[in-house]
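J.: Structure in structure tokens, see below.
Nothing in this text is a laboratory measurement; each read-out follows from the coordinates by a stated rule. What you see is a predicted model, and the numbers here were worked out from it, not measured in a lab. Glycine gets a Cβ as well: all are built from the backbone with ideal geometry, and neighbour counts include every protein chain shown.
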Amino acid sequence: MTGQRTMQGGSWPRLRVADWAETRDTLHMWTQIVGKIRLAHAPMVNHWWQVTFYVTSRGLTTSAIPYRTGAFDIEFDFVDHRLVIRVSDGSRRELKLEPKTVAQFYAETMGVLGELGIRTRMHPRPNEVEPAVPFADDHRHASYDPHATRLLWGQLLQASRVFGEFRSGFIGKASPVHVFWGSMDLACTRFSGQPAPPPPPGGVPNLSDRVTREAYSAEMSSCGFWPGGGEEGAFYAYAYPEPAGFADYAVRPAEASYQRESGEFALPYEAVATAADPDQMLSEFLHSTYEATAELGGWDRAALEADRYRWDDR
């Protein structure tokens, strides 16, 4: 990483993708390991919402995972750079987040779980990537830049805050603001309440079609932030199924554009970070892409939306 090219840049941290690619790829595999631990123990929730992470005041957490008659959680602490495992019986373990191979991280994490009496069986290779090298055999990914991961956390804090405001105006079915470790993106999804046709098979590498069928089982308008796209990451929004005319809808702001290859609108992170009012620009993108989906898709907006300031006199 070249530190001169990576900046804090006010309240919206600046982090060029090229400057931390190796750390990002290593961290992606580490999050998959921890995510699969949650998957192994958490009861099923629609659209696989039980497997995700949540942004915290220090990093990313699994939240409480049930285990026998108790619970445990795992947090990536990007302030002190520790992986923290806490159990409801009061026990606790920490691992350093530092340069180490995926194989070493996997062995250490599973070893600590064993010390805590938490037995976990998982499919020990990553999803949604190609090639899918088994965790125990991955000696290539071994980078960890603490400055870069703290900047990433700062980006996620800002994005999740604005996404949370956006989510508050929707009273229909909506996902939490959460991080999917398969693609390592922050996402929030709204649903019309109507079923959707199954997606085409084989659309995601190293992921079972039954997983994508559940994920895309209902009409949706989804938005997110992916730290791996463009110069500094990108905000995105898409509709499933995509209604006619979606690609040509007048989405705002002007810096947003439709990407025909991926079938989604994209807004460069750097455009938001350098805007006079970053919150307003991102909010405009979220609202206008949702409007494109809801208007063109014939959603019952009167039943699904509410004034997000409706309780301000409480």
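J.: Using Cα atoms only, what is the angle between the long axis of helix 102-115 and the major principal axis of the chain, expressed in degrees (0 to 90) to the nearest 10?
T.: That works out to roughly 70 degrees.
J.: Could you work out how far helix 21-41 tilts from the main Cα principal axis of the chain, as a 0 to 90 degree angle to the nearest 10?
T.: It works out to around 80 degrees.
J.: Which residue fluctuates most in the GNM of the chain (Cα springs below 10 Å): Arg260, Arg16, Arg93?
T.: Its mean-square fluctuation being the largest, the pick is Arg260.
J.: Now for a separate question. Fewest first, what order do Thr61, Thr56 take by the number of other Cβ atoms within 10 Å? Kindly include the intermediate steps, with their values, before the conclusion.
T.: Details: Thr61 21, Thr56 18.
With the fewest neighbours first, Thr61, Thr56 line up as Thr56, Thr61.
J.: Helix 146-167 against the longest principal axis of the chain: what's the angle in degrees, Cα atoms only, rounded to the nearest 10?
T.: Orientation of helix 146-167: about 40 degrees from the principal axis.
J.: If you don't mind, there's one more thing I want to ask. Just the number, please: Stokes-Einstein D of region 187-313 in µm²/s, Kirkwood Rh from C-alpha pairs, 10 °C, 1.306 mPa s. Could you put the intermediate results ahead of the total?
T.: Working: Rh = 15.7 Å.
After rounding, the answer is 101 µm²/s.
J.: Of Val102, Val51, Val45, Val211, how do they rank once you tally other Cβ atoms within 10 Å and put the fewest first?
T.: Numbers: Val102 26, Val51 21, Val45 11, Val211 15.
So the ranking, lowest neighbour count to highest, is Val45, Val211, Val51, Val102.
J.: Residues with amide H under 5 Å of Leu97's amide H, sequence separation 5 or more or different chain, H placed in the peptide plane at 1.01 Å from N; which?
T.: So Leu97 has HN proximity to Arg82, Leu83.
J.: Using a Cα-Cα cut-off of under 20 Å, which lysines could be cross-linked to Lys36, ignoring same-chain neighbours fewer than 8 residues away?
T.: Within reach: Lys96, Lys100.
J.: If we sort 161-171, 113-123 on the protection proxy, mean other Cβ atoms within 10 Å, highest first, what's the order? If you can, show how the numbers build up before the last one.
T.: Numbers: 161-171: 17.5, 113-123: 14.4.
Per-residue Cβ counts within 10 Å, averaged per peptide and sorted highest first, yield 161-171, 113-123.
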